[in-house]
Every structure is written in C-alpha cells, then in structure tokens.
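What follows is one structure encoded as structure tokens, with my remarks underneath.
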Amino acid sequence: QTRHLLPAEAKIYDDTIRKLGKEKALDAVFLVLDAMRASKVEHSNETFEFLAQAAVKQVDFVTGAVSMETLPEPLNEVAFVGRSNVGKSSLVNMVCGRRAIAHTSKRPGKTQQFNYFIVNEKDPLRKFYLVDMPGVGYAKVPKELQEQWIGFMQEYFTRRTSLRVAFHLVDGRHGVFDDDGALMRM
C-alpha cells in the first residue's frame, strides 16, 4: 500500500530526481524511483515531470506514417493512444519539455498520422521513438479516414515488434467510452 508523505518529505525525493536529471545521471534517477517504490512512497506529478526531463535530452520530428510501409526503421517505441482531444500531443510536448514539438488543436482530429519523434538520437543506449497517434472517437474527419486509422492501429499493435509500451490516455472527466474499450482490445 502506498503511503502519503507530507509535502516537504515528498519534495525531497522530487528535488533529488530533478538534480540528478540535470546531471544526466539517469541510472541514479532510477535508483531513487526504486527507493520510492520500496518505501511505498506515492509519486507526484512533479516526480513524473522530472523523470521525463531527466530521460529526454534531445528530440526531433522524424516522420508522419500512414501505413506499415511508411513507418521508420525499427527502434524502441513508446506510443500514446486514446480518443481525439484527450491530450496525447500535449503529453508528448510535456514529456519532451517542448511547447509545440507535437501540434495541438481544439479541433478533434488534428493528428492524422502516426507522428514519430526521435528522442536522444545521439545516445545509442537511450534513443527511442515517441509516437503520437491519431485519436479515435469524435475526430472531425470522414468516417472512412477514421476506419483507416483504426485498421492501421490494429496492424501496428500486432506487427510492430519494436513497440515497447503503449500509453492509453483516458479523459478522467468522462471515463471510458466504447472507443476506449475497442482500443484496449487491440
């Protein structure tokens, strides 16, 4: 069971992670996270923000893919998936520490391809792709295009061996929709 620390106690862990991240000591950051888990200390939003800042040193847009044939060469991949306008592109921007590396819009359906960003390209041991995927649900695009996205996602999830983790974002204000359930079953 996770224990709740007083804000000053939790801040010590977060400050340590932030300082280690600035020193590019990612292995030490993971040791602090291990200590937090062993001590059953709850992670804060700042914990994850500082972890992302420690892990992401450089990021660049690579390509927008619309089919398996247009995907870049395999490299470890982390994908963000969810309904339209749930915040996938905003999360990519936060994780990368950049305000607009991934384009955002109030109009559902702005992201219309699998947008690939290479993270830490100059570090062969820590480089990977972040993938910002199109949203499902109420995107303001033709139904045929949404069906193409869903077909591509199904193929991607079953065939892309370099995919290491997919984060499915759900809007906490509204809960899980049928579209979310369909994504979870892919």
Inset, instruction - Only residues in segment 57-70 that are closer than 20 Å to Gln146 by Cβ count as the first member; pair them with residues that are open to solvent by 50 Å² or more (accessible area, probe 1.4 Å) and charged (D, E, K, R), Cβ under 8 angstrom, at least 6 apart or cross-chain, and list the lot. - result: Met68/Glu155; Met68/Arg159
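Only one of these is over 17 Å from Arg98 (Cβ atoms) and within 17 Å of the chain's Cα centre (by Cα): Thr70, Thr63, Thr16. Name it. Talk me through it step by step, then tell me what you get.
Values: Thr70 fails: within 17 Å of the chain's Cα centre (by Cα); Thr16 fails: within 17 Å of the chain's Cα centre (by Cα).
From the options Thr70, Thr63, Thr16, the qualifying one is Thr63.
Against the condition of a type in the set (Lys, Arg), farther than 22 Å from Glu46 by Cβ and at pLDDT 75 or above, how does Arg185 come out, does it pass?
yes
In segment 24-47, is there at least one residue being part of a helix (DSSP H, G or I), exposed (fewer than 15 other Cβ atoms within 10 Å of the Cβ), under 18 Å from the mean Cα position of the chain (by Cα) and at pLDDT below 80?
We begin by selecting, within segment 24-47, every residue part of a helix (DSSP H, G or I); these are 26-38, 45-47.
Still in the list and also exposed (fewer than 15 other Cβ atoms within 10 Å of the Cβ): 27, 31, 34-35, 37-38, 45.
Remaining after also requiring under 18 Å from the mean Cα position of the chain (by Cα): 45.
If we keep only those that are at pLDDT below 80 as well, we get 45.
Within segment 24-47, one or more residues are part of a helix (DSSP H, G or I), exposed (fewer than 15 other Cβ atoms within 10 Å of the Cβ), under 18 Å from the mean Cα position of the chain (by Cα) and at pLDDT below 80.
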Legend entry - Any hit, segment 136-154, residues being open to solvent by 70 Å² or more (accessible area, probe 1.4 Å), at pLDDT 80 or above and part of a loop (DSSP other than H, G, I, E, B): no
Legend entry - Answer residue from segment 78-103, given it is assigned to a helix (DSSP H, G or I) and at pLDDT below 75 and is least open to solvent (accessible area, probe 1.4 Å) among those: Cys96
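Working only within segment 48-77, note down all residues that are under 29 Å from Asp179 (Cα atoms), in a strand (DSSP E or B) and among the aliphatic types (A, V, I, L, M). Steps first, please.
From segment 48-77, those under 29 Å from Asp179 (Cα atoms) are 48-49, 52, 61-72, 74-77; that's our starting set.
So of that shortlist, the ones also in a strand (DSSP E or B) come out as 61-65, 77.
If the condition is that a residue be under 29 Å from Asp179 (Cα atoms), in a strand (DSSP E or B) and among the aliphatic types (A, V, I, L, M), then Val62, Ala65 are the ones that fit.
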Legend entry - Residue list for segment 49-73, filter: among the small types (Gly, Ala, Ser), surrounded by fewer than 16 Cβ atoms within 10 Å (Cβ to Cβ) and touching a strand residue (DSSP E or B) at 6+ places or on another chain (Cβ under 8 Å): Gly64
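The values are calculated or read from the model by the stated rules, or taken from the named source; none is laboratory data. What you see is a predicted model, and the numbers here were worked out from it, not measured in a lab. In this analysis, Cβ positions are derived from the backbone assuming ideal geometry, glycine residues included, and neighbour counts consider all displayed protein chains. The area values use the complete protein model at the heavy-atom level, side chains included, leaving out ligands, DNA and RNA. Shrake-Rupley method; radii C 1.70, N 1.55, O 1.52, S 1.80 Å.
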